[in-house]
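Some notes on the structure that comes next.
The values are calculated or read from the model by the stated rules, or taken from the named source; none is laboratory data. Since the model is a prediction, treat every value here as computed from it, not as a measurement. Don't worry about glycine lacking a Cβ; one is built from the backbone with ideal geometry, like all the others, and counts go over all protein chains shown.
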Amino acid sequence: MKSSFSKRFGKIVFASAVLTMALAAIGGSIVRADDIPSGWTASNLKPIGYTDLDGRGAGAFKMAIKNVNGRWILYLSHLWDRGWSIADVTDPANPKFVKFVPYPEQNTRTINIDLHDNLMITSLGPITRGWGGDPSKPHDEGLLFWDISDPVNPKQLAHWKTGSSGTHRNGYPGGKYANAAANMPGFRGQILVFLDVTDPKNPKEVSRWWMHGQKEGEEPARTDISFHGPAVVTEDGKTAYLGYGPAAVILDISDITKPKEIGRLNLAPPFKPGGTAVHGVIPIPGKNLLFANSEAGNEKCDEPLSHATMVDIKDPTKPRLMSVFPLPEPPKGLPYTHFCDKGGRFGPHNFNMEYHLPDVQKQGDLVYLTYFNAGLRVFDIKDPRAPREVAWFIPPTPPKRRGPIPTTALVNQTEDVLVDTRGNIYITDKQWGVFILRLAPM
């Protein structure tokens, strides 16, 4: 006769075996969540979970998320690894790595990702010098299209190629059309390309748009303009908002085959010039407002000032600058009084752009903006003429180098942010894994 302890132990072993079989059935191996690293600093934000993605957390980059019957799946691209990671964040305090989907061409960057419904799109292009690439070796390019109806076992459907050096940011708000910042033959820098993905196994270009001077033969020839991407498309599919080279641009795409410029606001000069002078834009739903920002490029602020700005688009033919966000300041008691002196890059980068996803928090009165060595910053834009910082989180100083960037000092470089509809905030970093944060009540 078995003791009560033996019976209980047998039940535990059986339950554990059932759980193991269930996890195996849904695909991939799942490992225990990682401890939250100590040494972070914050105001009105608190880390609740962390994952190093089975050793690939550092350099995890762009994110997208999908809720499948109550199971929350986070998809991530990478800077230092070639491929994509999948994590289960159903319990945000206990995120679990599920699997890594490798890409065979190791001289190819796989750093951007977007999805909607059961279609995922990932970018391919050369790894730039200083970021681990070898210009003497071949690389792949273009866009990969994936079926994610089985959310943890993506199945590649198609590989669309530019015929040049590939793509950077891509956008897919669902429906018939996707868009990409693409290097196309006969053009300088990246241009906007729209693709018909009605048949995702056979994506087809339907149109393209560029600024004068990018096309070979146009005068004056411009080498300082590039489209960072993606295009943010309104729900009715009639308007697209772009951060394109020096400007925030509004396009009429009611006829997707013939995009037409409605209006633009040049922000460089006086702000930082180049292809990421306006890195991204996002309309504020229900308001005649546009948020725009540049991407800090050089370490230790060795360039003109980057910006995070509010733009009045009440008259879309004449967008006008409304306000400039305040510069983040370091906590007191540090050996530097400005983030420019910390090392690495300081300035804006990515915001919670994927709000076209049904499981991502819609853009409202809070702007979540990564700021490289200043971590994540949260701004209240209820009064768009006077944005104010209301929360921030800075990851700890990395204990060891896990990628070639930054070069001036081994410091955090917070890259991307995504906020789900449950209020969980995910951030990635060049030298850390994925932190999951919660905002304090305000």
Give the stretch 264-294 a look and list any residue that's part of a loop (DSSP other than H, G, I, E, B), hydrophobic (A, V, I, L, M, F, W, C) and over 20 Å from Ala180 (Cα atoms), or say none. Leu267, Ala268, Phe271, Ile284
When Thr223 is evaluated against the numbered criteria (1) at pLDDT below 95; (2) hydroxyl-bearing (Ser, Thr, Tyr); (3) within 21 Å of the chain's Cα centre (by Cα), which criterion, by number, is the only one it fails? (3)
Need pairs with beta-carbon distance below 6 Å; first residue among the aromatic types (Phe, Trp, Tyr) and within the stretch 386-413, second in a strand (DSSP E or B) and at pLDDT 95 or above; sequence gap 6+ or separate chains. Trp392/Ser43; Trp392/Arg377; Phe393/Ala42; Phe393/Leu45; Phe393/Leu376; Phe393/Leu437
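In the stretch 37-90, how many residues are of a type outside the set (Gly, Ala, Ser) and without any contact (Cβ under 8 Å) to a residue 24 or more places away in the chain?
Residues in the stretch 37-90 being of a type outside the set (Gly, Ala, Ser) and without any contact (Cβ under 8 Å) to a residue 24 or more places away in the chain: 2 in total.
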Considering only residues that are surrounded by 18 or more Cβ atoms within 10 Å (Cβ to Cβ) and of a type in the set (D, E, K, R), look in the stretch 55-97 and name the one that is farthest from Ala391 (Cα to Cα). Arg82
Output the residue which, of all residues in the stretch 100-119 that are surrounded by 22 or more Cβ atoms within 10 Å (Cβ to Cβ) and of a type in the set (D, E, K, R), is farthest from Pro173 (Cα to Cα). Arg109
Identity of the residue in the stretch 184-233, closer than 24 Å to Leu289 by Cα and small (Gly, Ala, Ser), that ends up surrounded by the fewest Cβ atoms within 10 Å (Cβ to Cβ): Ser226
Are any residues in the stretch 142-183 without any contact (Cβ under 8 Å) to a residue 40 or more places away in the chain, surrounded by 19 or more Cβ atoms within 10 Å (Cβ to Cβ) and farther than 15 Å from Pro126 by Cβ, and if so, which ones? Leu144, Trp146
Being free of Cβ contacts under 8 Å to residues at least 24 places away in the same chain, more than 30 Å from Ile381 (Cα to Cα) and either of a type outside the set (A, V, I, L, M, F, W, C) or in a loop (DSSP other than H, G, I, E, B) (or both), is that true of even one residue in the stretch 229-249? no
